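Each remark here refers to the structure printed beneath this line.
No value in this document is a laboratory result; all are computed from the given coordinates. Please read these numbers as outputs of a predicted model, since none were measured by experiment. Every residue, glycine among them, receives a Cβ derived from its backbone with ideal geometry; neighbour counts consider all protein chains shown.
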Amino acid sequence: MAILGEQIKSKTATIAAGASLSGAVVLGGDLLVGVALTTWDSAGMTFQASVDGGVTFYNVYKDDGVELTFTTSTGNRYVAVDPSIFAGIEQLKVRSGTSSVPVNQTTAEVVTLILRDPAS
């Protein structure tokens, strides 16, 4: 789907019922620009990122040393994302809650990651 001349695509990350962290999603050089949720249990959303092909995953922090957290709530929700935060990330995991206080989802949650080619 083309939007304003930018190539937009999506991939999904699934958090299993009773878990708080998704499997890895390969971004393929694309930048994260948004996240769409449908049945999300109320919890913040944080991320783990890999820059070495999925060998090592790091919790994502802002430059002020605070874990990058998106405020979410239950039900359908679209969260806009500053794509510059995710530049250089090869693989991404989505977490319900924070690294210090993860929140298990009661049902399997499919998180749609909206991606943009940085060259477009």
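Quote to one decimal, in nm, the extra length available between VAL66 and ALA119 on full extension: 0.36 nm per residue of separation minus the C-alpha distance between them. Intermediate values should be presented prior to the final figure.
Working: separation 53, 0.36 × 53 = 19.08 nm, distance 2.93 nm.
Taking VAL66 through ALA119 to full extension adds about 16.1 nm, to one decimal.
Averaged across orientations, what area in nm² does the convex hull of the alpha carbons in the chain project? Don't jump to the answer; show the numbers that get you there.
Numbers: hull surface 28.9 nm².
Result: 7.2 nm².
Quick one: if you stick a label point 7 Å off each Cα along the C-beta vector at ASP82 and THR38, how many nm between them?
Placing both labels 7 Å beyond Cα along the Cβ direction yields 3.1 nm.
Picking from PRO102, ALA17, ALA43, whose Cα lies most toward the positive end of the charge dipole for segment 1-104 (charges on Cβ: Lys, Arg +1; Asp, Glu -1)?
So the residue we want is ALA17.
Under 19 Å between alpha carbons, and skipping anything fewer than 8 positions from LYS9 in its own chain: which aspartates and glutamates qualify?
ASP30, ASP82, GLU90, ASP117
Pairs of alpha-carbon atoms within less than 8 angstrom and 6+ residues apart define the contacts here; what relative contact order does segment 2-116 have, in percent?
Values: 278 pairs, mean separation 54.7, N = 115.
Here the relative contact order equals 48 percent.
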